[in-house]
Amino acid sequence: MKKYIILIMLLCLANNFSFAIDNGIQISEKDKKIYVMRKTTQELYGEDVIVYHICYVEKAQKFLKKGDFEKANKYINLAIYYYDKNPLTYLIKSEINLHNNDIKSAKLNLQKACDIRDTNIKTNKNGEYIEEYNNRLYDSYTAETLWVRILKLYAKIAIKENNIELAEDYINEIRENWKYFDSEVTLIYSKILEAQGKHDASYGYKTVSYSIQKANNEINKHPNNAELYYDNAYAFSLMDENEFALRYINKAIEISPKSEYLLFKVDLIEDKKEILKLLNEAVQLSPIDNAQVYEYRGTYFMEDGQYEKALNDFKKAIQYGTKEDELANSLGICYFETGNYHEAIKYFSKPDCNLGYKADTLMELGKYQEALDIYYKILNNPDYNKDAILINIKYCKNHMKK
């Protein structure tokens, strides 16, 4: 008898029930009845239909990821019927609209998502903006991922509307502020590059993005393989994503502090003290005949004005295998700056030398005509300081008159 009373109550409530929203979303009569019964059960027994909303959102996400847009649409419609204050639901709707080339609906649903998100933005006692959400809705995503997803959708819509500059602005905003790598962002950026006619760069970004995903899958299987982290660091550096490159190279160094990892990190940082520390560690870790570590440290000393130390390291690099011609300019500069012009000219006389330094060296050696010939040759070359060249030309001419 008790079962019959409950059933009658449910049917009575169903006849008088108003649905959560009515925005043209198609829901079957069967699903409407299920919704009514669940809502009524909630009122009778305190159950929470938000649980069903979350369940449908997760199903929609799953089918969206698989590319089954029909099922994704079905479940996101159900999710919205159960609860219509979750911005993620409208982002999913917008993505489905975009797949179906319904740009107008995509923009409308994206705007709904932003409006809902804006209502959740508050300011704390310090005047800082914070976001408040129903925590139960955020089991599968966070406020940060929501922000990235919104910008990605704006970028995709801009590409569809052939507003490539605006799309690039959205992607750059993500890349300047993101905290985790999203391969889709990189793939969207590759489409932007393609639209700009930068086909090689576009292909490069796609390739690097896929290699990072592959490496991450391998890292999940082998979390203590330092080489995998190094590979990812290298891939990120190719995309000028040095923040991510540093994260991965630091992990590689933590697992296995090889000199090649330390030298790679040197290229990613600017702090001179840390660079020198890494270079010294690389030298200590290296086999005695590792020419590369001495090349790196020699270059550091040269750029820091420590020319004698630089010369010592460059000589060791040559001793351990570096070809002398590869370091000709560096050796020439070090000898010039230490006043050894006769040694300097030996290196500046080699192919592909720095013509500015060569002319300066010839001038210091009193070979003014030879110096002038080079100065006139490079006078309008933007790689050299024109004002300095003009001063040296005048100096050479004055001394030739004597």
- Check Asp352, Asp271 and return the single one that is of a type in the set (Asp, Glu) and either under 31 Å from the mean Cα position of the chain (by Cα) or buried (at least 20 other Cβ atoms within 10 Å of the Cβ) (or both). Asp271
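Would you pick out the residues in segment 252-290 that are hydrophobic (A, V, I, L, M, F, W, C) and farther than 22 Å from Ser237 by Cβ? Can you show your working first?
Of the residues in segment 252-290, the ones hydrophobic (A, V, I, L, M, F, W, C) are 252-253, 255, 262-264, 266, 268-269, 275-276, 278-279, 282-283, 285, 288.
Matches in segment 252-290: Val283, Ile288.
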- Determine the pairs where a residue that is assigned by TED's automatic domain parsing to the domain that holds Thr145 and more than 19 Å from Gly67 (Cβ to Cβ), located within segment 77-102, has a partner that is surrounded by fewer than 23 Cβ atoms within 10 Å (Cβ to Cβ) and of a type in the set (A, V, I, L, M, F, W, C) with Cβ atoms under 7 Å apart, the partner being 6 or more residues away or on another chain. none
- Matching residues, segment 178-211, being assigned to a helix (DSSP H, G or I) and either outside the structural domain of Asn232 (by TED's automatic domain parsing) or among the polar types (S, T, N, Q) (or both): Ser183, Thr186, Ser190, Ser202, Thr207, Ser209, Ser211
- Among (1) modelled with pLDDT of 95 or more; (2) buried (at least 18 other Cβ atoms within 10 Å of the Cβ); (3) over 21 Å from Pro87 (Cβ atoms); (4) in contact with an Asp or Glu (Cβ under 8 Å, 6 or more places away or on another chain), where does Phe181 come up short? (1)
- Which numbered condition trips up Lys346, out of (1) within 43 Å of the chain's Cα centre (by Cα); (2) within 23 Å of Glu324 (Cβ to Cβ)? (1)
- Query: helices (runs of 4 or more DSSP H) wholly in segment 267-340 with at least 3 residues that are at pLDDT 95 or above and within 29 Å of Met363 (Cβ to Cβ) - which ones?
  - Reply: 291-303, 307-319, 328-337
- Task: Could you look through segment 138-177, keep only residues that are at pLDDT 85 or above and not in a helix (DSSP H, G or I), and pick out the one that is nearest to Lys104 (Cα to Cα)?
- Result: Glu161
- Task: Please identify the pairs in which a residue from segment 191-209 that is closer than 20 Å to Asp169 by Cβ has its Cβ atom under 6 Å from the Cβ atom of a residue that is acidic (Asp, Glu) and surrounded by 14 or more Cβ atoms within 10 Å (Cβ to Cβ), counting only partners at least 6 apart or on another chain.
- Result: Ile192/Glu168; Ser202/Glu194
- Kindly indicate whether Asn232 is part of a loop (DSSP other than H, G, I, E, B) and either within 15 Å of Asn250 (Cα to Cα) or outside the structural domain of Ala252 (by TED's automatic domain parsing) (or both). no
- Give me a count of the residues in segment 378-398 that are assigned to a helix (DSSP H, G or I) and loosely packed, with under 13 Cβ neighbours inside 10 Å. 8
- Message: Checking Leu331 against (1) outside the structural domain of Glu274 (by TED's automatic domain parsing); (2) surrounded by 15 or more Cβ atoms within 10 Å (Cβ to Cβ): exactly one of these is not met. Which one?
- Response: (1)
- The residue from Phe264, Phe301 that alone is of a type in the set (A, V, I, L, M, F, W, C), outside the structural domain of Asp231 (by TED's automatic domain parsing) and either in contact (Cβ under 8 Å) with a residue 60 or more places away in the chain or closer than 26 Å to Trp178 by Cα (or both) is Phe264
- Message: If the requirement is being among the hydroxyl-bearing types (Ser, Thr, Tyr) and closer than 19 Å to Gly339 by Cα, which of these qualifies: Tyr300, Tyr296, Tyr307?
- Response: Tyr307
- Picking from Tyr368, Tyr375, Tyr335, the residue that is in contact (Cβ under 8 Å) with a residue 24 or more places away in the chain, over 26 Å from Gly298 (Cβ atoms) and of a type outside the set (Gly, Ala, Ser) would be Tyr368
- Kindly establish whether Glu173 is charged (D, E, K, R) and either buried (at least 19 other Cβ atoms within 10 Å of the Cβ) or free of Cβ contacts under 8 Å to residues at least 12 places away in the same chain (or both). no
- Query: In the set Tyr261, Tyr205, Tyr229, which member is buried (at least 19 other Cβ atoms within 10 Å of the Cβ) and at pLDDT below 95?
  - Reply: Tyr205
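The values are calculated or read from the model by the stated rules, or taken from the named source; none is laboratory data. Please read all numbers here as calculations on a predicted model, not as lab measurements. With ideal geometry, Cβ positions are generated from the backbone for all residues, glycine too; neighbour counts draw on all protein chains shown.
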